[in-house]
Structure formats: C-alpha cells, structure tokens
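Reviewing the structure listed below.
The values are calculated or read from the model by the stated rules, or taken from the named source; none is laboratory data. Here the structure is a predicted model, which means the values were calculated and not measured. So basically every Cβ, Gly included, is an ideal-geometry build from the backbone, and we count neighbours across all protein chains shown. Ligands, DNA and RNA are stripped out before the accessible areas are found, and what is left, the full protein with its side chains, is counted by its heavy atoms. Shrake-Rupley method; radii C 1.70, N 1.55, O 1.52, S 1.80 Å.
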Amino acid sequence: MKKMTRGEFIFSIFNTIFMICVTLVFILPIWHVFCASVSDPAALVQSRGLLLKPIGGFNLTGYRLALKNGSIVRGYLNTIFYTTVATFIGMLGSSVMAYALSRPNLMWKNAIAFLLSFTMLFSGGMIPTYLLVRNIHMLNTVWAVILPGCLSVYNILVMRTSFQALPEGLIERSEERRVGKEC
C-alpha cells in the first residue's frame, strides 16, 4: 500500500470531517421527525429544539390515528394501483414499440425514431397534454393519470438497443416457425 504524503493525509482528514458534517445535515432532520413521531404529543408540544430521543416515552398514538383515517389507507391503495398498472402498460407498450423499431425491415423506421427522439427533446407541455386528455374525454378518470406518461422514449430507445443486440438467428428461428404454420 502506498504511503500518503502529508498533503494527502491532511486532505483526507478534512474530507472525512466535511463528509461527516454533510451526512449529519441530511440525517438529523429525518431523525428529528422520527423522534417526534414516536414521542408523547403533550410533551412534544412543550419541547423546543432538535430532538435526539423521543420525549415522554415511546408512543405510537400518531401512527394509530393515521391508520384509522380511511383517506391515508385509500391513498396508499391508489398509489399501489397506479404504480402497478402504469408500470405494466408502460413495459408492454415500450417492449412492443422497441421490438418493432429493432427490426431492420420496418418501413419508415428512421422517421419514427427521429419523431420519438424529437418528442424526447421537445415535449408539448402541460397545456397541450390537458387539452388532449379533455378532448378524448378522459378528465377525472384513472386513465388521465396513467396513460399520458406511461411511455418513455428513453426506455424505448434503451430496449430497442437491447433487442438489436440479440443474435439474428434467434429471431429468424421464431419467424420461420410462424411462416411454416401459415403454409
């Protein structure tokens, strides 16, 4: 192992101290919120400053009240639903489009790739998206949240590159079976 010079040693010490300070700046507020959430509410109201330990003993009353509120449970269920459905539709749509763009004999392949790349760089914005959702009568529906953002051009281009890396023989084999069944 190489011996550090005096300058490298001093830099290492100051760098370590700086990183510890930065870490504390990020961790202490989170720790304060956690300690406040498990503290006694009456004692918490009268306290001031940064909490490093729960005040008035360990108390889960705030969590019990939050879970009794139906809107929080409903919010989590909505989050799980939106995430699951949007991920499924996004993966399905991206996979189909990426596979089609990876095929060398696709008509207008370069034009489609250019239009996709153009929309990745220059999006329409919030107002055109709202007008589109309104004109296809999706306002106040689940699909107004899921569909406009489920396809990502970046994901399509990454998947297209992955499909292009597949050996041609693997793809030809499946196409031969399909053509054989049609005859």
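Across the chain, the longest run free of exposed loop sites, meaning chymotrypsin sites (Phe, Trp or Tyr not before Pro) lying outside DSSP classes H, G, I, E and B with no more than 15 other Cβ atoms within 10 Å, spans 123-183. Each of the trypsin sites (Lys or Arg not before Pro) that DSSP puts in a loop and that has at most 10 other Cβ atoms within 10 Å breaks the chain; the longest unbroken stretch is 49-183. The largest-to-smallest principal axis extents of the Cα set in the stretch 28-85 are 44, 24, 15 Å. When Rg and Dmax are taken over the Cα atoms of the stretch 88-131, they come to 12.9, 37 Å.
Just tell me, in residue order, which DSSP H segments of the chain are both 30 angstrom or longer along the helix axis (alpha-carbon based) and at least 1.6 in mean Kyte-Doolittle hydropathy. Intermediate values should be presented prior to the final figure.
Values: long enough: 6-37 (46 Å, 1.63); 70-102 (47 Å, 0.99).
Those that clear 30 Å and a mean of 1.6 are 6-37.
Estimated purely from DSSP H runs of n ≥ 4, each contributing -39500 (n - 2.57), the mean residue ellipticity at 222 nm for the chain is -23500 deg cm²/dmol once divided by its residues.
Accessible surface of Glu168, taken over heavy atoms with a 1.4 Å probe and every protein chain present, rounds to 80 Å².
For the stretch 50-142, which whole-number percentage of the solvent-accessible area (1.4 Å probe, protein heavy atoms only) is attributable to carbon and sulfur atoms? Taking all protein chains in place, the stretch 50-142 shows 73 percent carbon and sulfur surface.
Across the chain, the relative contact order, built from alpha-carbon pairs under 8 Å that are at least six residues apart, equals 19 percent.
Roughly how many Å² is the accessible area per residue of the chain, as a whole number, for a 1.4 Å probe?
Per residue, the chain has an accessible area of 80 Å².
Tell me the label only: which of (i) 132; (ii) 347; (iii) 114 is volume of the Cα convex hull per residue in Å³ as calculated from this structure? The calculated read-out lines up with (ii).
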